[in-house]
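Student: Have a look at the structure that comes next, please.
The values are calculated or read from the model by the stated rules, or taken from the named source; none is laboratory data. A quick note: this is a predicted structure, and the numbers were derived from the prediction, not measured. Cβ: placed from backbone, ideal geometry, glycine included. Neighbour counts: every protein chain shown. Ligands, DNA and RNA are excluded from the accessible area calculation, which covers all protein heavy atoms including side chains. Shrake-Rupley method; radii C 1.70, N 1.55, O 1.52, S 1.80 Å.
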Amino acid sequence: MPQLLERAEGLTTAQAPFVLAAQERGELYIRQPYELYSEENHETWRRLYSRMVPRWERYANEQFLAGVHSLCLNPDRLPRLEEVNRFLCPLTGFRAKAVSGYVPAYVFFDCLRNREFPTTVTIRPADHLDYLPEPDIFHDISGHVPMHTDRAFADTLVRFGECAHTAAERVLSIRNEALRLQGLTSILRAMARFFWFTIEFGLMNTRKGLRAYGSGLLSSFGELEHSMSSAEVQRYPIQLEWAINQPFEINHYQPLLFVVDGFDHLFSLVDKLEGWMKAGRLDNVEAGEPGVSEADLRSFLELHKGD
Ligand SMILES: [Fe+2]
């Protein structure tokens, strides 16, 4: 009977008993229980995917388009992570790894360092196609993972993941507990802002003009077009000092986006970010969004417990 109940309820965001039970047991890494997707879940994927394709062709960077092609995603059925990885792994060593929900900051960065991408297995409800604050499999697999097929982008992501080690070393060297907490909060805020304005919402100059490479844009039917064509959006060449001090809000279209000149440029910015981190320049960035959670702080502070 419980099996039947799960099958009927599917794997819909925040309503999936399989995932909620894993969360309750404190299990972060899970299997993708593919048999539990309902027909409605597959239909949601199909509708999301089909309306995105023409927008990708118009606004996505060419590495992303090549990535969608090489992953052989099925427009009609939710993807099996195993199959995605079979195409993805040989290209860059990256793989999608199913998780039950929120991944604390250090764990998330460390996954990237190991070429693993924590991936949500649930999909948004059929009546919420346009906006959901939490990630779902459409955002993760069709927004992020195609970018992971590109070697230069994948290496940048790994480099970013490595910065978490530098961050941990820096803050664990601060003996005063209050200062350590303050410094870590600031560094995590700076890293989250960098990730947001590049990996999630980045724009890129290309031979064909401005294109999107940020996954938050590439998985959003409305915001992808808005980001590229609306006069309401400010688009500026990225400046690291600006991005790390710029608060953002997640519940509306972004009014400010930053443009990079390519993935080599992006990689060099991550190098610079790490250099600034070592020099203490991230210890006191502008306050404001995003908040840094207890779980994020703990994931760093408990690394060397007992040292
Ligand atoms: Fe994301």
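Student: Need the failing condition index for G101 against (1) under 19 Å from the mean Cα position of the chain (by Cα); (2) within 15 Å of S142 (Cβ to Cβ); (3) small (G, A, S), just the number.
Tutor: Unmet for G101, out of (1) under 19 Å from the mean Cα position of the chain (by Cα); (2) within 15 Å of S142 (Cβ to Cβ); (3) small (G, A, S): (2).
Student: Of the residues D271, D264, only one is more than 24 Å from Q182 (Cα to Cα), part of a helix (DSSP H, G or I) and open to solvent by 50 Å² or more (accessible area, probe 1.4 Å); which?
Tutor: None of the others qualify; the one that does is D264.
Student: Which members of the stretch 119-137 meet the condition of being hydrophobic (A, V, I, L, M, F, W, C) and crowded, with 24+ Cβ neighbours inside 10 Å?
Tutor: V121, I123, I137 - these are the residues of the stretch 119-137 that are hydrophobic (A, V, I, L, M, F, W, C) and crowded, with 24+ Cβ neighbours inside 10 Å.
Student: With A212, A152, A164 as the choices, which residue is open to solvent by less than 30 Å² (accessible area, probe 1.4 Å) and away from the ligand (no atom under 16 Å from the Cβ)? Outline the logic, then answer.
Tutor: On the way: A212 fails: away from the ligand (no atom under 16 Å from the Cβ); A152 fails: open to solvent by less than 30 Å² (accessible area, probe 1.4 Å).
Testing whether each residue is open to solvent by less than 30 Å² (accessible area, probe 1.4 Å) and away from the ligand (no atom under 16 Å from the Cβ) leaves just A164.
Student: With the requirement that a residue be touching a helix residue (DSSP H, G or I) at 6+ places or on another chain (Cβ under 6 Å) and over 20 Å from E249 (Cα atoms), what does the stretch 130-143 give you?
Tutor: Scanning the stretch 130-143 gives a single hit, F138.
Student: Within the stretch 237-252, identify whether any single residue is touching a Ser or Thr at 6+ places or on another chain (Cβ under 7 Å), surrounded by 13 or more Cβ atoms within 10 Å (Cβ to Cβ) and not in a loop (DSSP other than H, G, I, E, B), and answer yes or no.
Tutor: no
Student: Pull out all pairs, ordered by first then second residue, where Cβ-Cβ is under 6 Å, the residues are six or more apart or on different chains, the first lies in the stretch 131-150 and is more than 13 Å from L218 (Cβ to Cβ), and the second is more than 10 Å from the ligand (Cβ to nearest atom) and of a type in the set (K, R).
Tutor: From residues that are more than 13 Å from L218 (Cβ to Cβ), the pairs are L132/R124; D136/R124.
Student: Let me ask another. Is at least one residue of the stretch 190-199 small (G, A, S), in a loop (DSSP other than H, G, I, E, B) and buried (at least 22 other Cβ atoms within 10 Å of the Cβ)? So that I can check it myself, show each step before the final result.
Tutor: Let us first name the residues in the stretch 190-199 that are small (G, A, S), namely 190, 192.
After this cut, where a residue has to be in a loop (DSSP other than H, G, I, E, B) as well, the list is none.
No, the stretch 190-199 has no match at all.
Student: Let me ask another. For the stretch 88-105, indicate whether the set of residues that are surrounded by fewer than 23 Cβ atoms within 10 Å (Cβ to Cβ), of a type in the set (F, W, Y) and at pLDDT 95 or above is non-empty.
Tutor: no
Student: Any residue at all in the stretch 138-148 that is open to solvent by less than 60 Å² (accessible area, probe 1.4 Å) and either more than 23 Å from R211 (Cα to Cα) or away from the ligand (no atom under 16 Å from the Cβ) (or both)?
Tutor: Checking the stretch 138-148: not a single residue is open to solvent by less than 60 Å² (accessible area, probe 1.4 Å) and either more than 23 Å from R211 (Cα to Cα) or away from the ligand (no atom under 16 Å from the Cβ) (or both).
Student: Can you give me the number of residues within the stretch 52-106 that are small (G, A, S) and in a helix (DSSP H, G or I)?
Tutor: 4
Student: Filter the stretch 132-158 down to the residues that are touching a Ser or Thr at 6+ places or on another chain (Cβ under 8 Å) and assigned to a loop (DSSP other than H, G, I, E, B) and list them by number.
Tutor: Of everything in the stretch 132-158, those that are touching a Ser or Thr at 6+ places or on another chain (Cβ under 8 Å) and assigned to a loop (DSSP other than H, G, I, E, B) turn out to be L132, E134, P135, D136, D150.
Student: Which residue out of R46, R31, R51, R113 is touching a residue at least 24 places away in the same chain (Cβ under 8 Å), farther than 26 Å from F194 by Cα, open to solvent by 30 Å² or more (accessible area, probe 1.4 Å) and in contact with an Asp or Glu (Cβ under 6 Å, 6 or more places away or on another chain)?
Tutor: R46
Student: Which condition breaks for S173 when tested against (1) open to solvent by less than 10 Å² (accessible area, probe 1.4 Å); (2) away from the ligand (no atom under 16 Å from the Cβ); (3) not hydrophobic (A, V, I, L, M, F, W, C)?
Tutor: Status for S173: all satisfied but (1).
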